[in-house]
Amino acid sequence: MAATVATQPRSSKTESYVDNKRKEDIRHANIVAARTVADAVRTSLGPKGMDKMISSASGEVIITNDGATILNKMEVLQPAAKMLVELSKSQDSAAGDGTTTVVVIAGSLLKQCLLLLSHGIHPTVISESLYKASIKAVDVLTAMAVPVELSDRESLIKSASTSLNSKVVSQYSTLLAPLAVDAVLSVIDPAKPDIVDLRDIKIVKKLGGTVDDTELVKGLVFDKKVSHAAGGPTRMENAKIAVIQFQISPPKTDIEQTIVVNDYTQMDRILKEERNYILGMIKKIKATGCNVLLIQKSILRDAVTDLSLHYLAKAKILVIKDVERDEIEFITKTLNCLPIANIEHFRAEKLGYADLVEEVSLGDGKIVKITGIKDMGRTTKVLVRGSNQLVLDEAERSLHDALCVVRCLVSKRFLIAGGGAPEIELSRQLGAWAKVLHGMEGYCVRSFAEALEVIPYTLAENAGLNPIAIVTELRNRHAQGEINAGINVRKGQITNILEENVVQPLLVSTSAITLATECVRMILKIDDIVTVR
């Protein structure tokens, strides 16, 4: 039957009709799912935003309002909603801050897209218009931005504290913001002045004390004790430090085997050999003048045995064992020394030099500090303290965001107002531009402009203000030419945000808008989901 139907010439009417119902349903389902994710983090936007408590199956609890962390921990199953999780991750790696903003903007754009689709505008037209609007938006933002110099420490601190103000640890922003700025400025390489590698800033967390006790350490900090076996030294001045990757313990055979000793004299001989082997190693170490050993963790056999620790203590060598493998690179860069992989290569020129290595009591534990390093590499350590694990983790995340903000300013040296000011200004200018455009494009650009108002609206809503009144007043102020008028959440009114020191790097805003637009365009272009078993 089907074959006979197929051979009949169709009329032009039936050819032009294609059933679009399924495609529309898929698109609608995708947009609704992605918007649900965006609404989940919307309440945690801004300085008065709420925090989320995330409880995992294993009983681990996290309290945070960092968009990237919330979405990361959420188990999102719908494929389109997963794209929003990826979106916040890419904002995290591109700018570090603004992870909530980018998801909220994307959610608002999707809401506008639903309206446009219901008016019968083709997704491709919407997608193209969004792209044009986002390019125009970046131009508008760049025109608003204020250039900043790295020597202007005040401005850098202002932008770092703006980032910290929306976090759980906001009351400590006066301490953490300068700390983040100093940390980043100390690792900038003069040869490459606009690149900061955040791996050069290590954050060490230590329970106890309060966030007030957080400090920047010029040198190294280990969250470990010095090995106290056999009464070795715990403090060493004028230290010569070796980072070793071999084991100071008797060698094992390559294959698993048992040796049967049936004579006491032979047993003695084995022990004697072991002792001589270890002593030989320690003599070579001592001959170079080395007096501090950092020993890498070993999986093959014990890195150090009681016997070797005993001899090292006699030789007055301070030992820090179980140094993680991935820390070795950071340590050697800081100490400006080379890791030593074999006892035969143990030479004085591979050592690092420092004024003081000592064990310090902190809280209920101890840490090892190495200070006064000669020819120190461009690295720095931050010792973060906190009264409980939740605060400690959140302090680390907040500090990471602040570091990222300063990094953005180093790579793109422009500041822009915060507090919803740039979004309203964009909305105003794009709205004016939409009137000039013809046809569908103008319609889509106007929707893009309206979508951006979600940021000031949400800021006002989270602060318990009347969002409609505030946003209307903001529009009014911007129409009168006050470019930097924004919502001052503390006073609950609209003020010039630049004078209130609420500033953010240009890179955060531009990357948020371009990434959100890209994500929305991608979701729009999907018209079917094919599951493959």
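Quick notes on this structure:
- Scanning region 484-514 for residues that are assigned to a helix (DSSP H, G or I) and farther than 17 Å from LYS158 by Cβ gives THR510, SER511, ALA512, ILE513, THR514.
- In region 284-323, the residues that are of a type in the set (Lys, Arg) and either more than 18 Å from ALA341 (Cβ to Cβ) or assigned to a helix (DSSP H, G or I) (or both): LYS284, LYS286, LYS314, LYS316
- Residue check, ALA434 modelled with pLDDT of 90 or more and assigned to a helix (DSSP H, G or I): yes
- Against the list (1) of a type outside the set (Asp, Glu); (2) farther than 16 Å from GLU394 by Cβ; (3) under 19 Å from the mean Cα position of the chain (by Cα); (4) surrounded by fewer than 22 Cβ atoms within 10 Å (Cβ to Cβ), the condition VAL103 fails is (4).
- When residues of region 284-299 are limited to those that are of a type in the set (A, V, I, L, M) and under 34 Å from the mean Cα position of the chain (by Cα), the one most open to solvent (accessible area, probe 1.4 Å): ILE299
- Selection within region 415-459: residues that are under 30 Å from VAL405 (Cα atoms) and aromatic (Phe, Trp, Tyr). The member of this set that is most open to solvent (accessible area, probe 1.4 Å) is TYR457.
- Unmet criterion (only one of (1) farther than 30 Å from LEU338 by Cα; (2) assigned to a helix (DSSP H, G or I)) for GLU396: (1)
Listed here are the residues, each with its yes/no results for (1) within 32 Å of the chain's Cα centre (by Cα); (2) more than 30 Å from SER127 (Cβ to Cβ).
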site: TYR443; (1), (2): no, no
site: ASN466; (1), (2): no, yes
site: ILE487; (1), (2): yes, yes
site: LEU498; (1), (2): yes, yes
site: ASN501; (1), (2): yes, yes
site: SER511; (1), (2): yes, no
site: GLU518; (1), (2): yes, no
site: LEU524; (1), (2): yes, no
site: ASP528; (1), (2): no, no
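- Residues located in region 158-199, provided they are in contact with a strand residue (DSSP E or B) (Cβ under 7 Å, 6 or more places away or on another chain) and open to solvent by 20 Å² or more (accessible area, probe 1.4 Å): LYS158, THR162, VAL168, ASP182, SER186
- The set of residues in region 48-71 that are closer than 18 Å to GLY96 by Cβ and in a loop (DSSP other than H, G, I, E, B) comprises GLY49, ASN65, ASP66.
- For region 217-233, a tally of residues being open to solvent by 50 Å² or more (accessible area, probe 1.4 Å) and either closer than 17 Å to TYR311 by Cα or assigned to a strand (DSSP E or B) (or both) returns 3.
- From the list SER155, SER90, the lone residue that is surrounded by fewer than 22 Cβ atoms within 10 Å (Cβ to Cβ), in a helix (DSSP H, G or I) and at pLDDT below 90 is SER155.
- Lone qualifier among MET281, MET236, MET267 - being open to solvent by 90 Å² or more (accessible area, probe 1.4 Å) and either part of a helix (DSSP H, G or I) or under 28 Å from GLU324 (Cβ atoms) (or both): MET267
- Checked against (1) over 16 Å from ALA315 (Cα atoms); (2) within 35 Å of the chain's Cα centre (by Cα), GLN266 passes all but a single condition, namely (2).
- None of ALA143, ALA137 is free of Cβ contacts under 8 Å to residues at least 40 places away in the same chain, out of contact with any strand residue (DSSP E or B) (no Cβ under 7 Å at 6 or more places or on another chain) and within 18 Å of SER511 (Cβ to Cβ) except ALA143.
- Looking across region 67-86, the residues that are open to solvent by less than 10 Å² (accessible area, probe 1.4 Å) and either charged (D, E, K, R) or under 19 Å from the mean Cα position of the chain (by Cα) (or both) come down to GLY67, ALA68, ILE70, LEU71, LEU84.
- No other residue among SER411, SER398 is touching a Leu at 6+ places or on another chain (Cβ under 8 Å) and open to solvent by 40 Å² or more (accessible area, probe 1.4 Å) apart from SER411.
- Listed conditions (1) at pLDDT 90 or above; (2) of a type outside the set (A, V, I, L, M); (3) open to solvent by 40 Å² or more (accessible area, probe 1.4 Å) are all met by SER509, apart from (3).
- Residue match in region 351-367 (condition: farther than 30 Å from GLY280 by Cα, assigned to a helix (DSSP H, G or I) and aliphatic (A, V, I, L, M)): no
- Every condition in (1) part of a loop (DSSP other than H, G, I, E, B); (2) in contact with a strand residue (DSSP E or B) (Cβ under 8 Å, 6 or more places away or on another chain); (3) open to solvent by 40 Å² or more (accessible area, probe 1.4 Å); (4) of a type in the set (A, V, I, L, M) holds for ILE255 except the one numbered (2).
- As for region 414-423, it holds at least one residue that is touching a residue at least 24 places away in the same chain (Cβ under 8 Å), of a type outside the set (Phe, Trp, Tyr), within 30 Å of THR210 (Cα to Cα) and in contact with a strand residue (DSSP E or B) (Cβ under 6 Å, 6 or more places away or on another chain).
The values are calculated or read from the model by the stated rules, or taken from the named source; none is laboratory data. Since this is a predicted model, take the numbers as computed values, not measurements. All Cβ positions, even for glycine, are placed from backbone atoms using ideal geometry, and neighbour counts span all protein chains on display. Surface accessibility is based on the protein's heavy atoms, side chains included, excluding ligands, DNA and RNA. Shrake-Rupley method; radii C 1.70, N 1.55, O 1.52, S 1.80 Å.
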